[in-house]
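A short worksheet on the structure shown next.
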Amino acid sequence: MLLEGKKGLVLGVANKRSIAWAIAQALAREGAELAFTYQGDRLKESVEELAGTLAQKSPILPCDVTKDEEIKSLFNALGQAFGALHVLVHCIAFAPKEELEGRTVDTSRNGFSIAQDVSAYSLLALAKGAEPLMEKEGGSIIALTYLGAEKVVPNYNVMGMAKASLESGIRYLAYDLGPKNIRVNGISAGPVNTLAARGISGFTDMLAHHRDKAPLKRNVEISEIGDAALFLASSLSSGITGEVIHVDCGYSIVGM
Ligand code: NAD
Ligand code: IMJ
């Protein structure tokens, strides 16, 4: 039991296909006690139903990351329910749909701002909220990112810039929070067929391309992302902070 006695917060569960849910299952398997957030009433029931399948009863709290007051009440409620926090998992990204097609040069100021706010600034705001609960016993913050931060991926567009900002944020947070024994790392996952991916035109072709080019000649399993998050959450990774680990069957190392 790698996470026996540890308390974690998982943000970004929408349904059973969510990467956040695969990570929650891996953490729970190793004994972590988990709390969940949902974005808006529309997703409340779905998160309650999934969390209900875990052995322990989980606090389930609303959190739209664009709302300062929801982040504040989240950590107030978590402080009362948990006392200390050891793990925070950020699986949140959003850009307006029209920005994820066509040319990046056509990105609107508002689309850029929303992508950065939801997908990158939110990590800073959540880390600040978690800090008083995490500094008690040390902790691990984990955020999900994508190759589009480093290389041009057609249609990823403004989300690529948001993920570049998120990855830089991981390093600056690691620097600030390291003295408090709070580690901050990222997982750069290969493409997975989730809600956030399914709407994208040509996604099935992208999965096939990824599978053919990746050294392991297959796509990543969602449980492999869960296991990597478990590693980063546990003391097995105690010397690692400010790092982004690729869990992509090796795709990102290939030049041609
Ligand atoms: P998903 O749709 O299941 O999860 C995205 C989550 O973001 C949803 O739960 C949604 O409610 C949440 N969200 C969006 N706006 C929010 C807001 N304002 N406040 C709070 N929550 C908000 O899809 P997913 O693929 O599991 O995405 C999780 C993370 O993984 C994202 O950061 C995504 O960029 C990243 N990622 C996904 C892939 C992929 O191929 N699916 C690959 C690499 C990285
Ligand atoms: C998303 C767009 C374009 C190409 C893409 C993706 N590829 C992958 C994704 C190749 C793997 C999925 N991904 C890594 C994401 O981070 C998705 C974020 C996202 C998805 C949507 C769809 C619905 C919507 N807004 C979104 N905002 C962010 O309206």
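Some observations on this one:
- Breaking point among (1) of a type in the set (S, T, N, Q); (2) more than 9 Å from ligand 1 (Cβ to nearest atom); (3) surrounded by 15 or more Cβ atoms within 10 Å (Cβ to Cβ), for S119: (2)
- The lone exception for R42 - which of (1) within 16 Å of ligand 2 (Cβ to nearest atom); (2) touching a Gly at 6+ places or on another chain (Cβ under 7 Å) it fails: (2)
- Remark: pairs (first residue in segment 152-181, closer than 23 Å to S108 by Cα; second residue of a type in the set (D, E, K, R); Cβ separation under 6 Å; 6+ apart in sequence or on different chains) = N155/E101; N157/E99; V158/E99.
- Residue in segment 60-69 that is over 19 Å from V13 (Cα atoms) and within 16 Å of the chain's Cα centre (by Cα) present: no
No value in this document is a laboratory result; all are computed from the given coordinates. Just so we're clear, the structure is a prediction, and the values are computed from it rather than from any experiment. We place every Cβ from the backbone using ideal geometry, glycine too, and count neighbours over all the protein chains shown.
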